[in-house]
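K.L.:
One structure follows; several queries about it will come next.
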Amino acid sequence: LAGTASGDFSVKIWDAITGSSLFTYPHKHIVKTLDFSPDSKYIATGGHEGLLRVFDLRKEKEETPILTIKQNGEKTVTITKCNWLNATTVLAAGSDGSISYWNVDPKHEGEEQHRLMGTLKVDAEVRDMELSKDFKTLIVAAGTKV
């Protein structure tokens with residue numbers, strides 16, 4: 001599978017071998033980022049709405065996310081990047097330089113499964129972030145610094 005976040009207010013999931021579009025998840029504004037969970041059963045998405053969403057890829061006909069998290073604060077902060085840390089934790093980076101760690105345990109649908117576990121702050125908009133292969137180091141590109 002492959003996924004694309006788009007300026008057409010959608011996320012598309014593709015067959016990476018054939019290039020065929022498999023399904024589309026509509027959003028209400030530009031989508032900047034998506035990431036597959038480690039087991040490839042879920043995707044997390046984020047963008048200009050400031051909402052972190054989790055979709056269950058096994059429910060491909062279901063366009064409604066199984067989880068939607070509004071970022072903290074009064075002002076909407078664009079989610080510029082999201083990464084799964086493990087099967088239950090998603091990192092969501094914002095245009096305000098914040099990186100939030102969310103418990104998004106998708107196995108407990110409908111329960112109060114999400115909570116903010118912590119926040120890091122850098123001095124500029126997060127443009128990209130990646131985890132090292134051993135998951136011990138978070139590399140962040142923010143503003144003109146890495």
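The values are calculated or read from the model by the stated rules, or taken from the named source; none is laboratory data. Since the structure is predicted, the reported quantities are computational estimates derived from the model, not experimental observations. Using ideal geometry, Cβ is built from the backbone for each residue, glycine included, and neighbour counts are taken over all protein chains shown. Note: areas computed on protein heavy atoms with side chains; ligands, DNA, RNA excluded. Shrake-Rupley method; radii C 1.70, N 1.55, O 1.52, S 1.80 Å.
K.L.:
Could you tell me what percent of the accessible area of the chain is made up of carbon and sulfur, with a 1.4 Å probe and every protein chain present?
P.N.:
The C+S portion of the solvent-accessible surface of the chain is 50 percent.
K.L.:
If the cut-off is 21 Å between C-alpha atoms, which lysines fall inside it for K32, apart from same-chain ones fewer than 8 positions away?
P.N.:
K12, K41, K70, K75, K81, K121, K145
K.L.:
Same structure again: Given 0.36 nm per residue, what is the gain on full extension from T89 to L120 after removing their alpha carbon distance, in nm?
P.N.:
9.7 nm
K.L.:
Would you be so kind as to identify which of G50, G143, F9 lies farthest towards the positive end of the dipole of the chain, taking Lys and Arg as +1 and Asp and Glu as -1 on Cβ and the Cα centre as origin?
P.N.:
G143
K.L.:
In a shell of Cβ-Cβ distance under 10 Å around G47, excluding G47 itself, what net charge do Lys and Arg (+1) and Asp and Glu (-1) give?
P.N.:
Charge balance in the 10 Å sphere: +2.
K.L.:
Moving on. Go through segment 30-39 residue by residue and turn each phi into a ³J(HN,Hα) via Karplus (6.51, -1.76, 1.60, θ = phi - 60°); whole Hz please, and just put x for glycine and proline.
P.N.:
After applying 6.51 cos²θ - 1.76 cosθ + 1.60, I find 4, 9, 9, 8, 8, 8, 7, 5, x, 9 Hz.
K.L.:
Just to check, using Stokes-Einstein with a Kirkwood Rh over alpha carbon pairs, what's the diffusion coefficient of segment 1-108 at 25 °C and 0.890 mPa s in µm²/s?
P.N.:
179 µm²/s
K.L.:
Here is a follow-up. For every other residue with a beta carbon closer than 13 angstrom to the beta carbon of D8, add +1 if it is Lys or Arg and -1 if Asp or Glu, then tell me the sum.
P.N.:
Neighbour charge sum, excluding D8 itself: +3.
K.L.:
OK, next. In whole Hz and in residue order, list the ³J(HN,Hα) couplings for segment 18-26 that follow from phi through the Karplus curve 6.51 cos²θ - 1.76 cosθ + 1.60, θ = phi - 60°; x for Gly and Pro.
P.N.:
Along segment 18-26, the couplings run 8, x, 6, 6, 9, 7, 10, 10, x Hz.
K.L.:
Using a 1.4 angstrom probe, figure out how much accessible area the chain has per residue, in square angstrom, rounded to the nearest whole.
P.N.:
About 55 Å² of surface per residue is accessible.
K.L.:
Does anything in segment 57-79 have its amide N under 18 Å from the 7 Å Cα→Cβ label point of A16, and if so which residues?
P.N.:
Only 57-58 pass the distance filter.
K.L.:
On to the next question. Please report, in cubic angstrom per residue, the volume enclosed by the convex hull of the alpha-carbon atoms of segment 42-85.
P.N.:
Dividing the Cα hull volume of segment 42-85 by its residue count gives 75 Å³.
K.L.:
Grab the other residues whose beta carbon is less than 13 angstrom from that of T24, score K and R as +1, D and E as -1, and report the net.
P.N.:
Neighbour charge sum, excluding T24 itself: -2.
K.L.:
What size of dipole, in debye to the nearest 20, comes out for the chain about its Cα centre when the only charges are +1 on Lys and Arg C-beta atoms and -1 on Asp and Glu C-beta atoms?
P.N.:
Here the chain has a charge dipole of around 180 debye.
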